[in-house]
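Every read-out reported here was derived from the displayed coordinates using simple, explicitly stated rules and does not represent laboratory data. Everything numeric here is computed off the predicted structure, so don't read it as measured data. FYI the Cβ positions are ideal-geometry reconstructions off the backbone, even for glycines, and counts take in every protein chain you see.
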Amino acid sequence: MGAEQTRARAEAATVAPAGPAPDASVPEMSPFEAVSHFFDLAAEHVDLSEEMRHVLRGTYRELRVQVPIRMDDGRLEVFTGYRVQHNGARGPYKGGIRYHPDADLDEVRALAALMTWKTAVVDIPYGGAKGGVQCDPLRMSEGERQRLTRRFTQMISYVLGVNRDVPAPDVNTDAQTMAWMMDAYSSRYGYTPAIVTGKPVELGGSYGRDAATGRGVVYTLGEAAKDLGVSLEGARVAIQGFGNVGSWTARLIGELGCRVVAVSDVRGGIIREDGLDVQAVYDHVRETRSVVDASGTEPVSNEDLLELDVDVLIPAALDRVITADNADRVKARLVVEAANHPVTPSADAILQSKGVPVIPDILANAGGVTVSYFEWAQNIQQYRWEEDQVNAELRKVMSKAWRNVHSRATVDGVPLRLAAFAIAVEKVARAAQLRGYV
Ligand code: NAD
């Protein structure tokens, strides 16, 4: 390719990475179908052999367990839990545990596959896994959640291991949940802090892990904005979700000069055109458990938040919130997928045709698993890093991953998601081949 052509492609990608003709007619898919669709596009792009496609598309192991719990009122309730290990060619299986009424096998499978591609994009030595328990933790007491966590951990413990499979927090689970998991595992196998990451610091958790996913989103956005020609000084940002990822992203994004104008949670959203006082909103959430009615703000629905006229839209709650139904009304100049799979394949095609770049989940939210890797490494070495070191190493990993994805998108003339998947698929395929899987 001549220099002129290279420059033209780079410029095109800067505005909106070009790629295969967008097909907005692709029907909405289940989460695992959607991740498989993105995988198939990448497999085609890198010309992966049929045999390798067969191995990498499916999951290695899927465990479904019955989790009976005595509730506070004396009733026995029987929950269903899952641990899915997608691919372990590059290292131990790694991925969070989600407590949610929609956490079914298809969703957990999809999230496990995303972990395989995510750990490969940021080049940390893990495979991909995910776990979930179908339950409504918001209606459970702390005692019920603790009993559920301990029983679930016991049930899946024989597929876990420091060098086999290492869980972490995800939706509706947190450092306390990881402490219970570690304790349940350790009571059977001996003291094993490295069996989970995202633990409380007092139990061997890493400084900076709680903030890591949001911090990684901010680092990635900072790098991406320069290359995509988006000015962040005074940029208006809307964030859906104000849990671990959303609230940390909101609290840190001011470092880039952005103003957060709207945030939301499961109960609704709030907006302030001049910019929210994010720390005040955070304090309000600690008192009331919701962003709703924070002082000096107006209400906005979760649906309307996604369609606000902002520079940057950051879905940081659940999956499949931007679909064929609303993608056309998204007005943001840039979408950053802090949540996993917030944009369906058909919405992805629509955003692409509108020239809106999407920084894909497997890159944008990889800061969490990256610092989980640092935590695991610290536990194994029985040595603790200072927070500055954690954050500096995280920045290095995220910046490098962004540069790799952006340059692949530019050189191949494809969207950022396809570039990220292509890099990941090549890496995992190479490891699988070297290990003799295929
Ligand atoms: P969390 O449970 O801490 O927070 C979830 C937030 O989403 C809460 O504010 C909740 O009220 C809100 N929410 C739930 N249902 C909603 C709905 N229907 N509409 C609007 N808001 C809703 O979870 P989290 O850990 O912040 O995870 C958020 C997303 O980020 C998930 O997709 C998760 O898989 C992904 N993720 C998390 C991590 C991590 O380290 N925790 C890492 C990578 C990716």
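The GluC sites (Glu not before Pro) of region 213-289 that meet both conditions, a loop assignment by DSSP and at most 12 other Cβ atoms within 10 Å of the site Cβ, are Glu233, Glu273. Ignoring the sites themselves, the chain has its longest run without chymotrypsin sites (Phe, Trp or Tyr not before Pro) in a DSSP loop having at most 12 other Cβ atoms within 10 Å at 192-382.
Ordered by the number of other Cβ atoms lying within 10 Å of each residue's own Cβ, fewest first, Asp106, Asp293, Asp47 fall into the sequence Asp47, Asp293, Asp106.
Round to the nearest 0.05 the FRET efficiency obtained for Asp274 and Lys331 when R0 = 25 Å and r is the Cβ-Cβ distance. Efficiency computed from Cβ-Cβ geometry: 0.85. By definition, a body whose alpha carbon gyration tensor gives a ≥ b ≥ c is prolate when a/c is 1.5 or more and a/b is larger than b/c, and region 282-329 fits this prolate description.
Under the rule a/c < 1.5 gives rounded, and otherwise a/b versus b/c splits prolate from oblate, where does region 208-287 land using the Cα gyration tensor?
Here region 208-287 falls in the oblate category.
The relative contact order of region 139-294, computed from alpha carbon pairs under 8 Å that lie at least 6 residues apart in sequence, is 14 percent.
Note on region 28-174: Kirkwood radius taken over Cα pairs, Stokes-Einstein applied at 25 °C and 0.890 mPa s, translational D equal to 154 µm² s⁻¹. Multiplying the residue separation of Ser407 and Gln433 by 0.36 nm and removing their Cα-Cα distance gives an extension gain of 6.8 nm.
How charged is the neighbourhood of Leu416? Take every other residue with its Cβ under 13 Å from the Cβ of Leu416, and add Lys/Arg as +1 and Asp/Glu as -1.
That works out to -3.
Within the set of other residues whose C-beta is less than 15 Å from the C-beta of Tyr158, count the net charge using Lys and Arg as +1 and Asp and Glu as -1. Cβ neighbours under 15 Å give a net charge of +4. Listed here are the pairs Lys199/Lys354; Lys94/Lys354; Lys130/Lys396; which of them are more than 31 Å apart at the Cα? Table pairs above 31 Å Cα-Cα are Lys199/Lys354; Lys94/Lys354.
For the chain, the 222 nm mean residue ellipticity estimated from helices alone, with every DSSP H stretch of n ≥ 4 adding -39500 (n - 2.57) and the total spread over all residues, rounds to -14500 deg cm²/dmol. Could you tally the net charge around Arg53, taking each other residue with its Cβ under 12 Å from the Cβ of Arg53, Lys/Arg +1 and Asp/Glu -1? Once positives and negatives cancel, what remains is -4.
Assuming 0.36 nm per residue, please report the length gained on full extension of the stretch Glu255 to Ser30 beyond their Cα-Cα distance.
77.3 nm
Which shape class applies to region 256-379: rounded if a/c is under 1.5, otherwise prolate when a/b exceeds b/c and oblate if not, where a ≥ b ≥ c are the square roots of the Cα gyration tensor eigenvalues? Here region 256-379 falls in the oblate category.
Across the chain, counting alpha-carbon atoms alone, Rg and Dmax equal 20.8, 74 Å.
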